[in-house]
Structure formats: C-alpha cells, structure tokens
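Participant: First the structure, then my questions, so here it is.
No value in this document is a laboratory result; all are computed from the given coordinates. Please read these numbers as outputs of a predicted model, since none were measured by experiment. No Cβ is skipped: glycine too gets one built from the backbone with ideal geometry, and neighbour counts run over all protein chains shown.
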Amino acid sequence: MAARHRELFAGQVVAVDSPQGRFTDGARMLDGRRMADTEAYGKHLLHHFDGELSLHIHLGLYGKFADGPLPEPGPVGQLRMRMMSSRHWLELRGPTACQVFTPPEVAALRARLGQDPLRDDSDPLRAYEKVRGSSKALFALLLDQAVVAGCGLIYANEVLFRAGLAPTTPGRTVSAACWQELWDDLQALMKEGVARGRIDTVHTTHTPEAMQRAPRVDRHGGEVYVYRRPGQACLVCGTPVARGPMAGRNLYWCPVCQPESRAPQVTAPRAPKKPVSSAKGPERAPKRR
C-alpha cells in the first residue's frame, strides 16, 4: 500500500479534503503540500509531507482505500479523506485512525511498535529480547504489535503450524535459533503475500494440484494449513484442525503436528517430498524452504 501511494503521489503537490467532515482540520493542514514519501510500519501507514507533517492512517478492520486516474468519480458514502494530484485520486473510508502527526508523534509511534518483518531495518534479535523475557504464549506474542509489528491472525496461526510449534509455547522457552527460524519463515511469507496480493502458506507439496483436492473457498482467499479450517483434516496428518480462543482472537492448530510436549528448541523438520495422505499416519508440519 505504501509503495502504491508512493508511486501515485510522491514528489507531487496534492489537494486534500474530507467530504465526510471528520478530517476537515487535518485536511486543511495538508492541502497544497508536496508529499515527500510514504512508509508502512506494521499496520500503520505514514504519508510524509513537506513542512515536517505526516498523515498517519490505521485501517483497522473496516478501513479501505480506493484510487485511480483522474477524473475522480466524486464522493460516495462516508468518505473520510480524499487526495488528488494532477493525475490521480485517492479515497479513504472507515479507518480506525486518520490524523496529522508532527515529528515527535511519529517518533512516539515508532517507539511503541515492535519489529516489522517487511522493513529492511527490522531486527529479529530485538523482538527476541521481548519474547524470551515473557511467559506469554507464542501465539499471543506474535500478535502483540509491540513485539512483532504487522503480523496478523493468519500469519500467526500459519507460521506456528509450519514450525511445528504449539501455539501455547511460552516465549521464555524459545531458543534464539528457534526464534530466528520462525522469524525468517514469517518474513518470507509476508513478503510473498505482498508480492502476490494474497496470503498463501502451504508448501508446494500441499497445494490443491499436488494433493488433487478442491481449492480452499474463503473470503480471505489463499491456501492455508489451519486458519479458518476447524474440524477439517490437517493437510499433513489428517487430524481434524482444532480451534480455541486466545488473546481475544481465534487460534487454530493441529493437535498432532503441534503437540504441547514438543520442545520449542528443536528445529522444525523439512517439508515432505510427497503430499501426505491422512491414511498414512501423522507427520510433522513442513518447514518452508
């Protein structure tokens, strides 16, 4: 998203308004300024403008952007913010946050966020310092934006399955080597998701084509191992996928591939060479390569 907005507006003077009226004061502050750059930090988006002002946006559950070439179609519905350059328009609806930040406020935002796997300046060791000092479950730590910025529910569920780790594994029991492998896999999955425009987490040996099964049908799209698959057969061992609440979110896991007793220091196994049938007995979750 940051890259898209940079492509459309960076280096250009933009007109900004708020047809809905809830961002009128902020829009006036930005109207007529040149957008210098954009960046994403976790689930937060920043548009940086000349004059040391930044537009901070957090979409939350219901926020969405729309954009296109001029002419702009005109405001429809509850349009929080509208931006136009000489060539393109951008519309924002339903965000959790849409506000103008000064440099100290941008610095405060960055200070409270954890490490973002999608950023070049991310440091997994800094995230690990928080993980190893916590008794919280690994699943909850992955969703804690002060630990890992930008890891959502799908990735948290899927990366733990791929590592063969029980979601309830206490952070303090995880070795540095195990965390590094988990981070590397999460980073690869998230970057792949950005490139593809959808989240796919299954190894090539577990795609619908490889397993001769029907594609997943879900509004989130993408092929996954456990997310939103409660009661369905695990793609690796055939055991029904379990579901339960944790940290106020839905947790999904395979009781066989992610046993509570498995030591988190153990390196996750490699992916099997061939798709595993549920009739062949349980195997461990595949490690992405």
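Participant: To the nearest µm²/s, what D does Stokes-Einstein give for region 2-112 at 4 °C and 1.567 mPa s, using the Kirkwood radius over alpha carbon pairs as Rh? Could the numbers behind the result be given before it?
Facilitator: Values: Rh = 13.9 Å.
Answer, rounded: 93 µm²/s.
Participant: Given a Förster distance of 35 angstrom, what is the FRET efficiency for V13 paired with T207, based on the Cβ-Cβ distance and rounded to 0.05?
Facilitator: Working: r = 47 Å, r/R0 = 1.34.
With R0 = 35 Å, the Cβ-Cβ based efficiency is 0.15.
Participant: Where in region 14-35 does the label zone of V76 land, with the point 7 angstrom along Cα→C-beta and an amide N cut-off under 20 Å?
Facilitator: Only 17-21 fall inside the zone, counting backbone N under 20 Å.
Participant: Would you mind working out the magnitude of the charge dipole of the chain relative to its Cα centre, with +1 at each Lys and Arg C-beta and -1 at each Asp and Glu C-beta, to the nearest 20 Debye?
Facilitator: Values: 40 positive and 29 negative charges, 223 e Å.
Around 1080 debye, computed over the chain.
Participant: Another question about this same structure. In whole Å, what are the Cα extents of region 148-202 along the three principal axes, biggest one first?
Facilitator: 34, 20, 17
Participant: Let me ask another. Rounded to the nearest 0.05, what FRET efficiency do R22 and D184 have when you use their Cβ-Cβ distance and R0 = 30 Å? Display every interim value, and only then the final one.
Facilitator: Numbers: r = 41 Å, r/R0 = 1.38.
That gives a FRET efficiency of 0.15.
Participant: Suppose a student asked you for the relative contact order of region 2-112, using Cα pairs under 8 Å spaced at least 6 residues apart; what percent would you report?
Facilitator: On the way: 234 pairs, mean separation 30.9, N = 111.
Worked out over region 2-112, it gives 28 percent.
Participant: Okay, next question. Label points 7 Å out from Cα along the Cβ direction at T102 and A66: separation in nm?
Facilitator: 3.6 nm
Participant: Of G248, G60, G152, which has the largest mean-square fluctuation in a 10 Å C-alpha GNM of the chain?
Facilitator: Looking only at G248, G60, G152, the largest GNM fluctuation is found for G248.
Participant: How big is the convex hull of the Cα atoms of region 29-90, per residue, in Å³?
Facilitator: Hull volume over Cα atoms, normalised by residue count, gives 99 Å³.
Participant: Let me know the Rg and Dmax you get for region 124-280 when you use only its Cα atoms, in Å.
Facilitator: Gyration radius and largest Cα-Cα distance of region 124-280: 14.9, 44 Å.
Participant: For region 73-160, go through all pairs of different Cα atoms, get the mean of 1/r, take its inverse, and jot down that Kirkwood value in Å. Working shown, then result.
Facilitator: On the way: mean 1/r = 0.0629 Å⁻¹.
Taking every pair of different Cα atoms in region 73-160, averaging 1/r and inverting gives 15.9 Å.
Participant: Given the rule -39500 (n - 2.57) for each run of at least 4 DSSP H residues, summed and divided by the residues of the chain, what is its mean residue ellipticity at 222 nm, to the nearest 500 deg cm²/dmol? Before the final figure, lay out each step's value.
Facilitator: Working: 8 runs with 76 residues, N = 289.
-7500 deg cm²/dmol, from helical runs alone.
Participant: What ranking do V76, V13, V217, V106 get, fewest neighbouring Cβ atoms within 10 angstrom at the top?
Facilitator: Working: V76 10, V13 14, V217 6, V106 19.
In order of increasing Cβ crowding within 10 Å: V217, V76, V13, V106.
Participant: Based on Cα coordinates alone, diagonalise the gyration tensor for region 175-224, multiply each eigenvalue by 5, take square roots, and list the semi-axes in whole Å, largest first.
Facilitator: Values: eigenvalues 116, 39, 14 Å².
Its equivalent ellipsoid spans semi-axes of 24, 14, 8 Å.
Participant: Restricting everything to alpha-carbon atoms, can you work out Rg to Rh for the chain with a Kirkwood hydrodynamic radius? Write down the numbers at each step before the final one.
Facilitator: Working: Rg = 21.4 Å, Rh = 20.7 Å.
Ratio value, two decimals: 1.03.
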